[in-house]
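The values are calculated or read from the model by the stated rules, or taken from the named source; none is laboratory data. In this text, all values refer to a predicted model and were calculated from it rather than measured experimentally. FYI the Cβ positions are ideal-geometry reconstructions off the backbone, even for glycines, and counts take in every protein chain you see.
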Amino acid sequence: MKLPVRFLLTTVVATAALAACSSNKPKPPPPPVEQTTTTTQGSGNGRYTVESLDTDACLRQRVIYFDLDKTDIHSEFQAAIACHAAYLRQFPGARVTLEGNCDERGTREYNLGLGERRGNSVQGALGGAGASTGQLNVVSYGEERPVCREHGESCWQKNRRVEIVYTAKQ
Amino acid sequence: MPQRIFHWLAAFALAFCTMQVSAQGLTLDIVNGNASAIPIVTVPFAYQGSSTPPETDIGDIVRADLNRCGQFRSLAKDQVVEFPARGSDIKFPTWRLLKQDYIVVGRVLDAGAGEVRVEAELYTVGDQKPLLTNLAISGQRSAMRGIAHQVADAVYEKITGVRGAFFTRIAYVTAKGSGNNMAYNLMIADSDGYGPQTVVSSRQPLMSPAWSPDGRRLAYVSFERGNSAIYVQDIATGAREVVSANKGINGAPAFSPDGGRLALALSHGVNPDIYVLDLGSRKLTQITRHFAIDTEPTWSPDGSSIVFTSDRSGKPQLYEVSAAGGDGNRITFSGEYNAKPSVSYDGKKIAMSQGSGNVYHIAVLDRASGTATTISTGSFDESPSFAPNASMILYAATEGSRDVLYSVSADGRVRQRLVLADGDVRSPAWSPYRQRGQ
């Protein structure tokens, strides 16, 4: 008969946690970018080096975030798409895997499909900007690889993403 | 605990119409109770052999099994006032006074070579009619939980007319760790969560276990090759093979009722459609062809059709298509999100994950009336799986930051939380009926 207390406590804590989550104002995830170079690249003019992947602010942006149930790419990520496409044009041997991910809502297998849609969306954008199809590989992880485990939009928006992973740099 | 507090807590429990019994990591919630549940007493099974008494009490397991299916209300062990081990020892007026409809008695004997022999009898209390008098099952002491589940199955079938499903297993996936340090395990355990065994381990995600109809193999999705791929593994030997590793998604395997084919969702890098793979010839047949996401195929019991999830109408809904292929017809019309179907053995009911806003419950669709009934209360309930007799449904839920499993009676009234592992537990699949020795 210990349940009621534990049950109530759990409910209270869970409710508080949910309230805390939902009261957070949604804000765009912080871009994982540090400005370490002053040059602006992305024109595909051959000025990238392999090291640029680690030093160029634009190329260091490797995560594209998405709205709920959406696969279109926000304008704020267009610059990153252009930079990666330029790099891929310059280094035809370079290969990327586009890892599609979802938040936890919905069923796991359906979310595999949703993650692939996002991956395909980024693949299409990179291809449209000049990367060749053979350089791009899409893998959907659905909701299996969250970067954030809380139940709320502040966390969910960090999980709805495509990660650009270089499997060969040149 | 001081008596007064105990009483206060008891009152509270009643006020919430919730009762919980804990035993070795298993918790049983009786939600709202069930007035129509059949009162039954299972007397502790006395050990009548000559060596050390076994630790497993058959009576405890039978009592728990009958409780969690929702159709019975077992008299609590501490209210069992007499201890007959045979039908001839039962004083029926005692149990009539305790308002019991049925009584189970039994004993455990030595069977030679270290084995035990469990004998059980079932009587009606009202007219003292013997329903089971010669049930006897022998086995190793280590197999006594399985024997107890078989006794519960026999009692269940005798009273309800439907085969019991307590002597079955469940498969599920556990996930521990975070970031690049994850450990995934595909596990199997008894239907009540006891006796967990690892089937396969991986540092990459494992998903969607599905039982073969003979209960000997599991199909599942593994990312160990860097992308989703479908494996079929023999549980006893551990031998396994990759049966699908195409570009794009290889997901949602489901064995056909004859065991010879596997329905799957394949995207070939574009969008997932439903396919059927012949496991013998490896011939692949495309069943659906639509630019939407078609996934989570489930066979009808006779293998003639496949129920699946598709978002062709905008949001995921359930559709049914001939196993020979076609467009499919929509079968869910209420609820904005209906996915991950599990079809009952008679095809009359479909359990599914039903979503509305940010809340996902398990709902059961009655095919004849078209009405869906919600049977779970969590916020992120998904992945329902019917027991082979459809008396119970296993599903995944989220509590705090943990994924856990519940089994719930088909009417939603009795729910049991299965605490199976540290970390997250998900993607449950209820096995088919089990053969002895399996």
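Could you look through segment B:159-184, keep only residues that are within 14 Å of another protein chain (Cβ to nearest Cβ) and farther than 19 Å from B:T398 by Cβ, and pick out the one that is modelled with the highest pLDDT?
Initially, segment B:159-184 is screened for residues within 14 Å of another protein chain (Cβ to nearest Cβ), giving B:172-184.
Cutting the leftovers down to farther than 19 Å from B:T398 by Cβ gives us B:179-181, B:183.
Values: B:G179: 76, B:N180: 80, B:N181: 88, B:A183: 95.
The residue in question is B:A183.
Those residues that are surrounded by 21 or more Cβ atoms within 10 Å (Cβ to Cβ) and not in a strand (DSSP E or B), I need them from segment B:272-285; list them, please.
Result: B:P272, single match.
Looking at B:I393, is it part of a strand (DSSP E or B) and more than 14 Å from chain A (Cβ to nearest Cβ)? First the steps, then the outcome.
On the way: part of a strand (DSSP E or B): yes; more than 14 Å from chain A (Cβ to nearest Cβ): yes.
For B:I393, the condition - part of a strand (DSSP E or B) and more than 14 Å from chain A (Cβ to nearest Cβ) - is met.
Out of all the residues in segment B:106-128, is one or more at pLDDT 95 or above, crowded, with 23+ Cβ neighbours inside 10 Å and part of a loop (DSSP other than H, G, I, E, B)?
no
Restricting to segment A:78-118, name every residue that is facing chain B (nearest Cβ under 9 Å), within 13 Å of the chain's Cα centre (by Cα) and among the small types (G, A, S).
Passing the criteria: only A:G115.
Do we have A:T133 as β-branched (V, I, T) and within 24 Å of B:A292 (Cβ to Cβ) here? Step through it out loud before you land on a result.
On the way: β-branched (V, I, T): yes; within 24 Å of B:A292 (Cβ to Cβ): yes.
Judged against the criteria, A:T133 is a match.
Listed here are the residues, each with its yes/no results for (1) among the aromatic types (F, W, Y); (2) surrounded by fewer than 17 Cβ atoms within 10 Å (Cβ to Cβ); (3) without any contact (Cβ under 8 Å) to a residue 40 or more places away in the chain.
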site	(1), (2), (3)
B:F167	yes, no, no
B:G177	no, yes, no
B:N181	no, yes, yes
B:I188	no, no, no
B:S201	no, yes, yes
B:G215	no, no, no
B:V221	no, no, yes
B:N227	no, no, yes
B:V232	no, no, no
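Within the bounds of segment A:147-155, is there any residue that is touching a strand residue (DSSP E or B) at 6+ places or on another chain (Cβ under 6 Å) and either in a helix (DSSP H, G or I) or buried (at least 20 other Cβ atoms within 10 Å of the Cβ) (or both)? Can you show your working first?
Step one: list which residues in segment A:147-155 are touching a strand residue (DSSP E or B) at 6+ places or on another chain (Cβ under 6 Å), which gives none.
No, the conditions are met nowhere in segment A:147-155.
In the list B:D366, B:D422, which residue meets the criterion of being free of Cβ contacts under 8 Å to residues at least 24 places away in the same chain and either crowded, with 24+ Cβ neighbours inside 10 Å or away from every other protein chain (no Cβ under 14 Å) (or both)?
Values: B:D422 fails: free of Cβ contacts under 8 Å to residues at least 24 places away in the same chain.
Selected residue: B:D366, the only one of B:D366, B:D422 that is free of Cβ contacts under 8 Å to residues at least 24 places away in the same chain and either crowded, with 24+ Cβ neighbours inside 10 Å or away from every other protein chain (no Cβ under 14 Å) (or both).
Could you tell me how many of the residues in segment A:67-88 are among the β-branched types (V, I, T) and farther than 19 Å from A:S52 by Cβ?
First pass over segment A:67-88, keeping only residues among the β-branched types (V, I, T): A:71, A:73, A:81.
From the residues that got through so far, the ones that are farther than 19 Å from A:S52 by Cβ too are A:71, A:73.
Of the residues in that region, 2 qualify.
Mind checking which residues of segment B:334-360 are within 12 Å of another protein chain (Cβ to nearest Cβ), crowded, with 24+ Cβ neighbours inside 10 Å and of a type in the set (A, V, I, L, M)?
B:A339, B:M352
Could you grab me the full set of residues in segment B:195-251 that are in a loop (DSSP other than H, G, I, E, B) and at positive phi? Step through it out loud before you land on a result.
First, pick out the residues of segment B:195-251 that are in a loop (DSSP other than H, G, I, E, B): B:195-196, B:203-205, B:212-216, B:223-228, B:235-239, B:245-249.
Of everything in segment B:195-251, those that are in a loop (DSSP other than H, G, I, E, B) and at positive phi turn out to be B:G195, B:G215, B:G226, B:G238, B:G248.
If B:P253 passes every condition in (1) within 12 Å of chain A (Cβ to nearest Cβ); (2) more than 23 Å from the chain's Cα centre (by Cα); (3) not β-branched (V, I, T) but one, which one does it miss?
Among (1) within 12 Å of chain A (Cβ to nearest Cβ); (2) more than 23 Å from the chain's Cα centre (by Cα); (3) not β-branched (V, I, T), the lone unmet condition for B:P253 is (2).
Could you count how many residues in segment B:160-175 are farther than 30 Å from B:F223 by Cβ and of a type in the set (A, V, I, L, M)?
Of the residues in segment B:160-175, the ones farther than 30 Å from B:F223 by Cβ are B:160-167.
Next cut, of a type in the set (A, V, I, L, M) only: B:162, B:165.
So the answer is 2.
crowded, with 16+ Cβ neighbours inside 10 Å, at pLDDT 95 or above and more than 9 Å from chain A (Cβ to nearest Cβ): is that true of B:T288 in this structure? Show your work before the answer.
Details: crowded, with 16+ Cβ neighbours inside 10 Å: yes; at pLDDT 95 or above: yes; more than 9 Å from chain A (Cβ to nearest Cβ): yes.
Against the criterion (crowded, with 16+ Cβ neighbours inside 10 Å, at pLDDT 95 or above and more than 9 Å from chain A (Cβ to nearest Cβ)), B:T288 qualifies.
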